[in-house]
């Protein structure tokens, strides 16, 4: 598991997508894949129009499942309770596809966990 304050601040969140086994360079490849997926989603994040100011920080957690060819299969969203920001997070995930190819570890699909942080503007 990877988790760091700087990752959480950047909206990258937790990384639980690394398969068991292997290590060394293989783990580095999977970590790079996870980071690339999260970065694509982060870059697709936008604030809903008409939301000029937020009183509190909103963190939306997600998981994205991707097949071995980089095709988007599914996602799950754990919203922050604000329907506009939850919808913005959903849109970011959908707009970020297609995703990069995962390293070939023989799996049929890979799940990446992350979060999007919506802060005061």
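Every read-out reported here was derived from the displayed coordinates using simple, explicitly stated rules and does not represent laboratory data. Fair warning: this is a prediction, and the values are worked out from it, not measured in the lab. Virtual Cβ from ideal backbone geometry, glycine too; neighbours counted across all protein chains shown.
Below is a table of values for the structure above.
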item: Within the range 102-121, considering residues that are over 18 Å from residue 57 (Cα atoms) and in contact (Cβ under 8 Å) with a residue 60 or more places away in the chain, the one surrounded by the most Cβ atoms within 10 Å (Cβ to Cβ); result: 112
item: Selection within the range 80-93 - under 11 Å from the mean Cα position of the chain (by Cα) and surrounded by fewer than 19 Cβ atoms within 10 Å (Cβ to Cβ); result: 90
item: All positions within the range 63-79 that are farther than 15 Å from residue 45 by Cα and either without any contact (Cβ under 8 Å) to a residue 40 or more places away in the chain or exposed (fewer than 13 other Cβ atoms within 10 Å of the Cβ) (or both); result: 69, 70, 71, 72, 73, 74, 75, 76, 78
item: Strands (runs of 3 or more DSSP E) lying entirely in the range 48-121 (those with 2 or more residues that are under 15 Å from residue 35 (Cα atoms)); result: 58-67, 109-118
